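Visitor: I have a structure I would like to understand better, so I am pasting it below and will then ask my questions one at a time.
The values are calculated or read from the model by the stated rules, or taken from the named source; none is laboratory data. Predicted model only: the values in this text are computed from it and were never measured. Here the Cβ positions follow ideal geometry from the backbone for every residue, glycine too, while neighbour counts run over all protein chains shown.
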């Protein structure tokens, strides 16, 4: 099992989210990456938490920052990749894997298929944010900033086009060990293709390890505490 | 000086960062005529069909063969390694460069292999190969640590005279590291393997 971390990239700076409602500034992306690399973090996901008003200008501005990254840790990047032209702009970034969310949810498969052609199927990750609305678990559609039913998502295509699926518990991001295990029931797939994120603490790491989950993304707020990834690796048995 | 092939389909910047951390000068080449150094890196992110098409379209396929025939070294990473074999089952079956006797097939055991595995490479075991290691960046002969894999296809080596290490106990029919004279192929991503990746480069150069 891999033990990674995720950071949100907003206007060129990194943030930690709390329940996808509050953002805590962490600093520059390179500094965060340096810290995580020093901890021998297995992988890092950089996510742009964008909505409908995202622009190509803002997208390109963030790409400039990522282009300059100097790091030797596997990086996944996503957020706001809507069309094939945007996929072309990702050429030569120091990134191994691409994360698509709204494109999968809206069944906009062209950019995903184009990314497969350029980067290979192994490079495609699908992020499904899930949260509870009126007691019911729903999928958060980032682009429209709304919740939609789980049944309206075409999971068969997600399984076919993506290599791994990142299930994000949006309610519990930033909350230690709050990960809602009901999130895992939303898709019928081998756990070894799942990455879980949002409220990942020691107990959840142990749970993930015992259930052969591919990877866990520990909340980045841990950067602000006396944190050693070795401790988490110990819980993960790796 | 290291040349890095750029056919618009790989993480070239990661490879530059990797080599430059060891203070090795790099040059990104988009045209085979620019190939001058005695060490060429073939980056590997993508799928084999489009990758081979681009190699042929740019004439890099011939340039790589000439480079090797001239006794210079090539390091293929992940897909850059797989395309040096005879053929690959990816994209409905694609003929590759045929520089190493072996082929690529979809991993039989797992759907894909994404993660870290242990690697121990002792340079003494490469003595049978004409590796022509010249840069002498380190006197150390052993690389030991963990390396990062991200692939759905694996290379099956059929060249008995080559040096080959398996990926892991679970994936032991697939090569993690293969050295055949001046050809080096690695299924893992040394450029994303933190300190072990740096150690690996300093040993093989």
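Visitor: I want to confirm something. Restricting to segment B:17-44 and keeping residues that are at pLDDT below 95 and crowded, with 23+ Cβ neighbours inside 10 Å, which single residue is farthest from the chain's Cα centre (by Cα)?
Guide: B:18
Visitor: Among the residues of segment B:19-54, write down those that are farther than 16 Å from residue B:192 by Cα and touching a strand residue (DSSP E or B) at 6+ places or on another chain (Cβ under 6 Å).
Guide: Listed by number, the residues that qualify are B:24, B:26, B:27, B:28, B:29, B:35, B:37, B:39, B:40, B:48, B:49, B:52.
Visitor: If I filter segment A:161-183 down to residues being assigned to a strand (DSSP E or B) and within 14 Å of another protein chain (Cβ to nearest Cβ), which single residue comes out as surrounded by the fewest Cβ atoms within 10 Å (Cβ to Cβ)? Quick ask: steps written out before the conclusion?
Guide: Initial filter on segment A:161-183 (assigned to a strand (DSSP E or B)): A:164-169.
Now narrow it down to the ones that are within 14 Å of another protein chain (Cβ to nearest Cβ): A:164-166.
Numbers: A:164: 24, A:165: 22, A:166: 25.
This residue is A:165.
Visitor: From the list B:32, B:43, pick out the single residue that is touching a helix residue (DSSP H, G or I) at 6+ places or on another chain (Cβ under 6 Å) and more than 23 Å from residue B:176 (Cα to Cα).
Guide: Numbers: B:43 fails: more than 23 Å from residue B:176 (Cα to Cα).
Within the list B:32, B:43, the selection yields B:32.
Visitor: Then there's this: How many of the residues making up segment B:33-63 are without any contact (Cβ under 8 Å) to a residue 40 or more places away in the chain and in a helix (DSSP H, G or I)?
Guide: Residues flagged as without any contact (Cβ under 8 Å) to a residue 40 or more places away in the chain and in a helix (DSSP H, G or I) within segment B:33-63 amount to 8.
Visitor: Go through (1) crowded, with 23+ Cβ neighbours inside 10 Å; (2) part of a loop (DSSP other than H, G, I, E, B); (3) more than 14 Å from chain A (Cβ to nearest Cβ) and name the single condition residue B:71 misses.
Guide: With respect to (1) crowded, with 23+ Cβ neighbours inside 10 Å; (2) part of a loop (DSSP other than H, G, I, E, B); (3) more than 14 Å from chain A (Cβ to nearest Cβ), residue B:71 is out only on (1).
Visitor: Kindly list, by first and then second residue, each pair from a residue in segment B:181-193 that is more than 11 Å from every other protein chain (Cβ to nearest Cβ) and at positive phi to a residue that is modelled with pLDDT under 95 and assigned to a loop (DSSP other than H, G, I, E, B), limited to pairs with Cβ atoms under 9 Å and residues at least 6 apart or on different chains.
Guide: What qualifies is B:181/B:71; B:181/B:129; B:181/B:130; B:181/B:131; B:181/B:132; B:181/B:161; B:181/B:162.
Visitor: List pairs: first in segment A:80-95 and away from chain B (no Cβ under 14 Å) and over 12 Å from residue A:109 (Cα atoms), second modelled with pLDDT of 95 or more and surrounded by 18 or more Cβ atoms within 10 Å (Cβ to Cβ), Cβ under 7 Å, 6+ apart or cross-chain?
Guide: Final answer for the pair search is A:86/A:111.
Visitor: I'm trying to understand the selection: among the residues of segment A:118-148, which are in a loop (DSSP other than H, G, I, E, B) and farther than 16 Å from residue A:158 by Cα?
Guide: At the first step, the residues of segment A:118-148 found to be in a loop (DSSP other than H, G, I, E, B) are A:120, A:134-135, A:142-145.
Scanning segment A:118-148 gives A:134, A:135, A:142, A:143, A:144, A:145.
Visitor: Please specify each residue of segment B:95-115 satisfying the condition of being assigned to a strand (DSSP E or B) and away from every other protein chain (no Cβ under 13 Å). Before you say what the answer is, go through the steps one by one.
Guide: Just the residues of segment B:95-115 that are assigned to a strand (DSSP E or B), to begin with: B:95, B:102-106, B:113-115.
Within segment B:95-115, B:95, B:102, B:103, B:105 qualify.
Visitor: Sort through A:99, A:158 and tell me the only one that's surrounded by fewer than 21 Cβ atoms within 10 Å (Cβ to Cβ), touching a strand residue (DSSP E or B) at 6+ places or on another chain (Cβ under 7 Å), away from chain B (no Cβ under 12 Å) and in contact (Cβ under 8 Å) with a residue 24 or more places away in the chain. Break it down stepwise before answering.
Guide: Details: A:99 fails: surrounded by fewer than 21 Cβ atoms within 10 Å (Cβ to Cβ).
The match here is A:158.
Visitor: Something else about it: How many residues are surrounded by 13 or more Cβ atoms within 10 Å (Cβ to Cβ) and over 21 Å from residue A:173 (Cα atoms) if we restrict to segment A:40-67?
Guide: Number of matching residues: 10.
Visitor: I've got another one for you. Considering each residue of segment B:14-32, count those that are assigned to a helix (DSSP H, G or I) and free of Cβ contacts under 8 Å to residues at least 24 places away in the same chain, and give that number. Give the derivation first.
Guide: Looking only at segment B:14-32, we keep the residues that are assigned to a helix (DSSP H, G or I), and these are B:14-20, B:32.
Of the ones still in play, those that are also free of Cβ contacts under 8 Å to residues at least 24 places away in the same chain are B:16, B:20.
Number satisfying all stated conditions: 2.
Visitor: Could you list, in sequence order, all residues of segment A:184-216 that are within 14 Å of another protein chain (Cβ to nearest Cβ) and modelled with pLDDT of 90 or more? Give the derivation first.
Guide: If we filter segment A:184-216 for residues that are within 14 Å of another protein chain (Cβ to nearest Cβ), which is where we start, we get A:189-195, A:208-209, A:212-216.
Correct list: A:191, A:192, A:193, A:194, A:195, A:208, A:209, A:212, A:213, A:214, A:215, A:216.
Visitor: Condition first: without any contact (Cβ under 8 Å) to a residue 60 or more places away in the chain and closer than 18 Å to residue A:124 by Cα. Now tell me which residues in segment A:33-62 satisfy that.
Guide: A:44, A:46, A:48 - these are the residues of segment A:33-62 that are without any contact (Cβ under 8 Å) to a residue 60 or more places away in the chain and closer than 18 Å to residue A:124 by Cα.
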